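In what follows, a structure is listed as structure tokens, so that the remarks can point back to it.
Any read-out appearing in this document is the output of simple, stated calculations on the displayed coordinates, not a laboratory observation. Keep in mind that what you see is a predicted model, and the values were worked out from it rather than measured. Glycine also receives a Cβ, built like all others from the backbone with ideal geometry; neighbour counts cover every protein chain displayed.
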Amino acid sequence: MGRVYCIGKFQFESYEEYQEALDDIEKIRYISKKMDINETGVAQRLYSLIREGKIIFKSAIGDDYLLYLSDMVAEDYKAISRTTFTERVARKLKQLSPGQVIGAICMTGAVICFLVFLGSEYHDQQKIRELERIKDEQEISVASDWLSARFMEALNGEEEAEEPVLAQTGTVENNVYGAELAQETVERPQGPQVLPEYQQLYQENSDFSGWITIPGTGIDYPVVQAVPESSDFYLTHNFNGEEDINGSIFMDSRNDFEEQDDNLIVYGHNMKSGMMFGELKNYLDEAFLAEHKTITFNTIYEKAQYEVVAVCLSKVSQEGEEGFRYYDFVNAGNEENFNRYLENIKGMNVMGEDINVSYGDRLLTLSTCNNYTEDGRLFLVAKKCSP
């Protein structure tokens, strides 16, 4: 019987590796008692001692601690560099005449603007590369599943099949005092199976709920959904949970995409770079709308296509203010409520076309900001196509 030894997120296949990890934890505790790692230079000294082999760690926990130290060393260098730079600038400014100071300030402002521009470009490129990585993982997952299926077919085709051996896995519990290494028990979710191509992404982030693509545009992103208690989390965080000015494409936390509500609502920032939902404003052009009416939105359980039926402008109503709130329509409940919603959408539709929607249709709403008015919003309403 195979046995897995766990310490927090770390797993060890042998008892020897498990003991080495416990030894590393004891070393880390001892270091923490004897040294204040937040003092300037302490992290640097510890990092050097470990790199030189004078302090030896033998497990993944020790490797993780070394990475933690390297981050602290980097922050120390940044702080020292900022202090040194500030002191040099102050000395130089004292030596300059008032005219030279004004010139230096103008020059500095120009350089800062240029650096901000470069930083923004670099950040966008990093975002694009990260999304490409996520898509590559999705494609690799599909290929892996296909190969596994072919392999199983080959095995089933053999005349004599060996009786399968079921591996059993045990877990050795270990609670480490004073360390954030608590063991967690993960329950398998009940319900439909996640599509093979999305299983890897779902394992990386359990908030992953699907993928949206609009052919002919740059809109080709994973969609996430935060819990109601932190419904605005993905306004400022990317797929990996890191702070990001672009945020993520995310579904309304009230939506149930497994049971398929009447209207799935998906949000994204209107970025000047065109990223996220920055291209939705192009739908205000009739020619663009005619050429880009199809939206592919796959949940992690189902693939589907939608046809854009309305392009609307609205605004966020303040608390206590009367007005139709399109972003509150999730389920109609009955035909009367649906028809009331439809009449409001017709009044907001800027394209002037008939909206070919009826009670029972499944809808998808894509929402983003628009500066046509204060707290303005641009949103598309699309109807799910028949399979």
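Looking at the range 334-387, which GluC sites (Glu not before Pro) are in a loop (DSSP not H, G, I, E or B) and have at most 14 other Cβ atoms within 10 Å? All intermediate terms of the calculation are to be shown ahead of the outcome.
Numbers: sites: Glu335, Glu336, Glu343, Glu353, Glu374; in loops: Glu353, Glu374.
For GluC sites (Glu not before Pro) across the range 334-387 that sit outside H, G, I, E and B with at most 14 neighbouring Cβ atoms in 10 Å, the list reads Glu353, Glu374.
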Distance between modelled label sites at Lys315 and Asn334, nm, 7 Å Cα→Cβ extension: 3.3
Extension length gain for Asp220 and Glu374 (0.36 nm per residue less Cα distance), in nm, is 52.6 nm
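Which peptide among 42-54, 12-24 comes first, and what is the full order, when sorted by highest mean count of other Cβ atoms within 10 Å? Show your work: numbers first, answer last.
On the way: 42-54: 14.2, 12-24: 16.2.
Those peptides, ordered most packed to least, come out 12-24, 42-54.
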Please compute the modelled spin-label separation between Tyr30 and Tyr68, points set 7 Å along Cα→Cβ, answer in nm with one decimal. 1.7
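Tell me, Kirkwood radius of the range 1-61 from alpha-carbon pair distances, in Å? Don't skip to the answer; put the middle values down first.
Values: mean 1/r = 0.0770 Å⁻¹.
Roughly 13.0 Å, rounded to one decimal.
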Pull up all non-local amide H partners of His237: gap of 5 or more, or a different chain, and H-to-H distance under 5 Å with H placed in the peptide plane. Asp244, Gly247, Ser248
Given R₀ = 35 Å, what would the calculated FRET efficiency be for Met107 paired with Gln44, taking r from the Cβ atoms and rounding to 0.05? 0.55
In 5 Å bins starting at 0, how do the alpha-carbon pair distances of the range 303-387 split up by percent? 3, 13, 25, 26, 19, 10, 4, 1, 0
Give a residue-ordered list of calculated ³J(HN,Hα) values for the range 366-375 (Karplus: 6.51 cos²θ - 1.76 cosθ + 1.60, θ = phi - 60°; whole Hz; x for Gly, Pro). 9, 10, 8, 6, 8, 8, 5, 7, 5, 6
Quick one: what are the phi-derived ³J(HN,Hα) couplings along the range 318-325, Karplus 6.51/-1.76/1.60 with θ = phi - 60°, whole Hz, x for glycine and proline? 6, 4, x, 7, 6, x, 7, 10
Gap in Å between the Cα centre of the range 292-360 and the Cα centre of the range 206-261? 19
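What shape does the range 196-384 have by the C-alpha gyration tensor, where a ≥ b ≥ c are the square roots of the eigenvalues, rounded means a/c under 1.5, and otherwise prolate means a/b greater than b/c and oblate the rest? Mind dumping the intermediate values first?
On the way: a/c = 1.35, a/b = 1.28, b/c = 1.05.
Here the range 196-384 falls in the rounded category.
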For the range 377-386, just list the computed ³J(HN,Hα) in residue order, Karplus coefficients 6.51, -1.76 and 1.60, θ = phi - 60°, integers in Hz, with x standing in for Gly and Pro. 9, 10, 9, 9, 10, 10, 9, 5, 7, 5
Residues in the range 347-364 reached by a label modelled at Glu307 [backbone nitrogen below 19 Å; 7 Å Cα→Cβ]: 349-364
Are any of the pairs Lys303/Lys383; Lys281/Lys303; Lys34/Lys54 more than 18 Å apart by Cα-Cα distance, and if so, which? Lys281/Lys303
